[in-house]
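K.L.:
I am attaching a structure below and will ask some questions about it afterwards.
The values are calculated or read from the model by the stated rules, or taken from the named source; none is laboratory data. On a predicted model such as this, the values are computed, not experimentally measured, just so you know. Here the Cβ positions follow ideal geometry from the backbone for every residue, glycine too, while neighbour counts run over all protein chains shown.
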Amino acid sequence: MFDTTRGPAREQLEPNVVKKLETAGTLVHDDRRLRSFFFDGRFLTAKDLTREQTYFLTRQADLGRGGGIGVVAGLHVENGPDPRALRITAGHGVTPSGEAVVIPRDLANVRLDDIPEIQRLDAAFGLAQIPRETARNRSGLYIVALRPVEYTANPVASYPSSAGGTRTAQDGDIIEATAVTLIPYPDSHAGAGYESRRSRVAHETFVRNGGMRPPVDALPIAMIALDHGVIRWIDKYLVRREVGSEQTDFLGFSQAPRALREAHLLQYQQHLKEVLADRKKSNRGERFAASEHFFTLPPAGPLPVAAVDPKSLTEVFFPPEVDVELSVVPEDELGALLEESLFLSPIDLTRTGEELSSTSVLVLVPVSRQSMDQALSTLFPAERSATVQLRATASGLVARRQPGEALRALTLRRTALAADTTSSTTTSTGPSLADAAWSTLLSSATTLWYARRRNFPYKPAAIGQTVEEPDDLEDDFTKVLREAELYDEFGSLPKRATALAISRAYTLMRSYAEGNYAAGKQLFAGAGGEILRQKWINSGAVQRVQQRYTYEYRGVGLSQLLSAVAEKYQYTIALPHFARASSVVELDKYALLASKDGKSGLLQETVYKSLFEGKTLDDAVAAFRKNYEHPPY
């Protein structure tokens, strides 16, 4: 085993062996790795000791690059006390050459118009241009960078090295320091606005993997835009990189380094926050297309809540050619989904519509795990695991909309039905109740995220294939199943129900679909919905639902309620409302008791008002219960 107390673990070569290896060309020299060989009786000079220091500084820089280059901690650039100053927090980092740069305390007032100091540093680092504008009138994009520097100080006596020499004074210490300087960024779009130039630099950096390469002896920590010396914006993540793996080819597939991908997400978050603040200040609202302010989007990130309309389930943020779907995710799983999406390439908004047509994005609604079941209570298991398509409504792109999209948009417009209308009874043809459930979920969302999705085809099931039932073979059971919007959910039963449970569920539901029960279709939808909403179904679960739906005068109250609402309000309660309610039995019993107690009008008004406001039958039952003292027994 290697013993660290006895020196480095290196093979000691004899001179004759060295000569043979050099002749064979198998001995490689590194001119930087040369140090003095000390022994008793040797006369030491300043050159020997200086070379010793240089050797260890070089080795230290090599080790610094091995640990990663970038910011280790701190070094955040913020607005200073006035528009011509910066504030830099304490921290340290590693330059591309491996040198450490350290700021031990916060720099609260770094003056950009400190002309003598800035000009002296620019000239020292070879950045001065002739002719050169004064620092107070600087305009353009600049990189704020930290450079490792050193200087000598603290004179000490120098004794003569010869008999005739005289005593002199020389600086006795070498002081290492960090200098803050500005590096002009070569911007080819100087005529554009500062916000547009910021977006172009982001596109050039994160999509094209280009942009200016900073010198190896400087650590970039931010990019700023100056307008005659006044700071217009500060963007840290355009040039700032955290310490980590900086390989240029991730896993050998020409993927950007992880630090660059993380920087893109952080830069986008900061830019989006400033855009929203600016739009709020100018009363322009938060519903806008991403292409208005960005040339590229990271593969995952936040988006404004107003970008998605909860009523029509449409979005305006992404180009209309992008396939956008909506889903819900527990808050504690959001980070893992975003992490996975970061492996994908950015969304380049400068591409044509045909190039973007293969891009898929998933909009995520974070929900706490405790309230997950409550938020999805009106959705069936298959709907919970599925996604909802969001349609694009970008302004100025109506011509690209498909005819079906325009027709559906018309059907989504809700118009009030006057109570004194003399027309015949109609059936509601609004959006599906599944869409209504998602709309309710979106309305209560405070944050939204998106994640780019992979585009390779896959099948969620290991075996099996969906086969549609031919129309000419449909019986009454299948027709009512479709009318209640339970067809797909019933078809998924083999994945989560026993064979005996499926048989009993079919027998129970068929008895209502084909029997002579009053309100038989409504009882069919109610019983079927209660069975199908369960995650795992066995025969006992079906039996418990059957017992709930076994009582005297079953369906009589519902039949009376349906007839009264249709006659009074010219409104037919669609079957999906019953399929998604868990209190159909209670509503049936309440309707029968209310007719005996003279409360039928109150129940009818409560049900109609709840459904007209986009609520559910369960909400109607709960509202009626508050105003009715008798339990439904």
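K.L.:
Can you report the number of residues in the stretch 575-598 which are in a loop (DSSP other than H, G, I, E, B) and surrounded by fewer than 19 Cβ atoms within 10 Å (Cβ to Cβ)?
P.N.:
Filtering the stretch 575-598 down to residues in a loop (DSSP other than H, G, I, E, B) leaves 580-583, 598.
Okay, now just the ones that are also surrounded by fewer than 19 Cβ atoms within 10 Å (Cβ to Cβ), so 582, 598.
Selection size over the stretch 575-598: 2.
Conditions tested, residue by residue: (1) part of a loop (DSSP other than H, G, I, E, B); (2) touching a residue at least 40 places away in the same chain (Cβ under 8 Å).
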{"site": "272", "(1), (2)": "no, no"}
{"site": "276", "(1), (2)": "no, no"}
{"site": "280", "(1), (2)": "no, no"}
{"site": "294", "(1), (2)": "yes, yes"}
{"site": "312", "(1), (2)": "yes, yes"}
{"site": "320", "(1), (2)": "yes, yes"}
{"site": "325", "(1), (2)": "no, yes"}
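K.L.:
Does the stretch 555-569 include one or more residues that are under 15 Å from residue 518 (Cα atoms), assigned to a helix (DSSP H, G or I), in the same structural domain as residue 527 (by TED's automatic domain parsing) and of a type in the set (Ser, Thr, Tyr)? Reasoning before the result, please.
P.N.:
As a first pass, look at the stretch 555-569 and keep what is under 15 Å from residue 518 (Cα atoms): 555-564.
Imposing the further condition that a residue be assigned to a helix (DSSP H, G or I) reduces the set to 556-564.
With in the same structural domain as residue 527 (by TED's automatic domain parsing) added as a condition, the list becomes 556-564.
Next cut, of a type in the set (Ser, Thr, Tyr) only: 559, 563.
So far as the stretch 555-569 goes, yes, one or more of its residues are under 15 Å from residue 518 (Cα atoms), assigned to a helix (DSSP H, G or I), in the same structural domain as residue 527 (by TED's automatic domain parsing) and of a type in the set (Ser, Thr, Tyr).
K.L.:
Can you find a residue in the stretch 200-218 that is at pLDDT 85 or above, touching a helix residue (DSSP H, G or I) at 6+ places or on another chain (Cβ under 6 Å) and outside any helix (DSSP H, G or I)?
P.N.:
Among the residues of the stretch 200-218, not one is at pLDDT 85 or above, touching a helix residue (DSSP H, G or I) at 6+ places or on another chain (Cβ under 6 Å) and outside any helix (DSSP H, G or I), which makes the answer no.
K.L.:
If you check 300, 263, which single one turns out to be within 30 Å of residue 69 (Cβ to Cβ), modelled with pLDDT under 90 and crowded, with 21+ Cβ neighbours inside 10 Å?
P.N.:
Working: 300 fails: modelled with pLDDT under 90.
Matching residue, one of 300, 263: 263.
K.L.:
What number of residues within the stretch 550-570 satisfy the criterion of being surrounded by 20 or more Cβ atoms within 10 Å (Cβ to Cβ) and free of Cβ contacts under 8 Å to residues at least 40 places away in the same chain?
P.N.:
Of the residues in that region, 2 qualify.
K.L.:
Moving on to the next point. Could you figure out which of (1) without any contact (Cβ under 8 Å) to a residue 24 or more places away in the chain; (2) touching a strand residue (DSSP E or B) at 6+ places or on another chain (Cβ under 8 Å) isn't true of residue 606?
P.N.:
(2)
K.L.:
Taking only pairs six or more apart or across chains, which ones have beta-carbon atoms under 8 Å, a first residue in the stretch 53-76 that is under 24 Å from residue 237 (Cβ atoms), and a second residue that is of a type in the set (Lys, Arg) and outside any helix (DSSP H, G or I)?
P.N.:
69/241; 70/240; 70/241; 71/240; 71/241; 75/240; 76/236
K.L.:
Hey, another quick one. Residue under question is residue 525, and the condition is that it be in the same structural domain as residue 574 (by TED's automatic domain parsing) and surrounded by fewer than 17 Cβ atoms within 10 Å (Cβ to Cβ); does it hold? Reasoning before the result, please.
P.N.:
Working: in the same structural domain as residue 574 (by TED's automatic domain parsing): yes; surrounded by fewer than 17 Cβ atoms within 10 Å (Cβ to Cβ): no.
Against the criterion (in the same structural domain as residue 574 (by TED's automatic domain parsing) and surrounded by fewer than 17 Cβ atoms within 10 Å (Cβ to Cβ)), residue 525 does not qualify.
The rows are residues; the columns are (1) more than 30 Å from residue 31 (Cβ to Cβ); (2) part of a helix (DSSP H, G or I).
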{"residue": "59", "(1), (2)": "no, yes"}
{"residue": "64", "(1), (2)": "no, yes"}
{"residue": "82", "(1), (2)": "yes, no"}
{"residue": "93", "(1), (2)": "no, no"}
{"residue": "96", "(1), (2)": "no, no"}
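K.L.:
Please verify whether residue 620 is among the hydrophobic types (A, V, I, L, M, F, W, C), under 22 Å from residue 534 (Cα atoms) and at pLDDT below 90, treating the condition exactly as stated.
P.N.:
Working: among the hydrophobic types (A, V, I, L, M, F, W, C): yes; under 22 Å from residue 534 (Cα atoms): no; at pLDDT below 90: yes.
Answer is no for this residue.
K.L.:
Here is a check on your reading of the model: is residue 323 in the same structural domain as residue 443 (by TED's automatic domain parsing), farther than 23 Å from residue 198 by Cβ and surrounded by 17 or more Cβ atoms within 10 Å (Cβ to Cβ)? Walk me through it before giving the result.
P.N.:
Values: in the same structural domain as residue 443 (by TED's automatic domain parsing): yes; farther than 23 Å from residue 198 by Cβ: yes; surrounded by 17 or more Cβ atoms within 10 Å (Cβ to Cβ): yes.
Yes.
K.L.:
Between 135, 123, which is at pLDDT below 70, under 22 Å from residue 232 (Cβ atoms) and surrounded by 11 or more Cβ atoms within 10 Å (Cβ to Cβ)? Lay out the reasoning, then the answer.
P.N.:
Values: 123 fails: under 22 Å from residue 232 (Cβ atoms).
Going through 135, 123 in turn, the sole match is 135.
K.L.:
Regarding the stretch 512-523, can at least one residue be identified that is touching a residue at least 60 places away in the same chain (Cβ under 8 Å) and within 47 Å of the chain's Cα centre (by Cα)?
P.N.:
Pass one, the stretch 512-523, residues touching a residue at least 60 places away in the same chain (Cβ under 8 Å): 519, 522-523.
Then keep just the ones that are within 47 Å of the chain's Cα centre (by Cα); that gives 522-523.
Yes.
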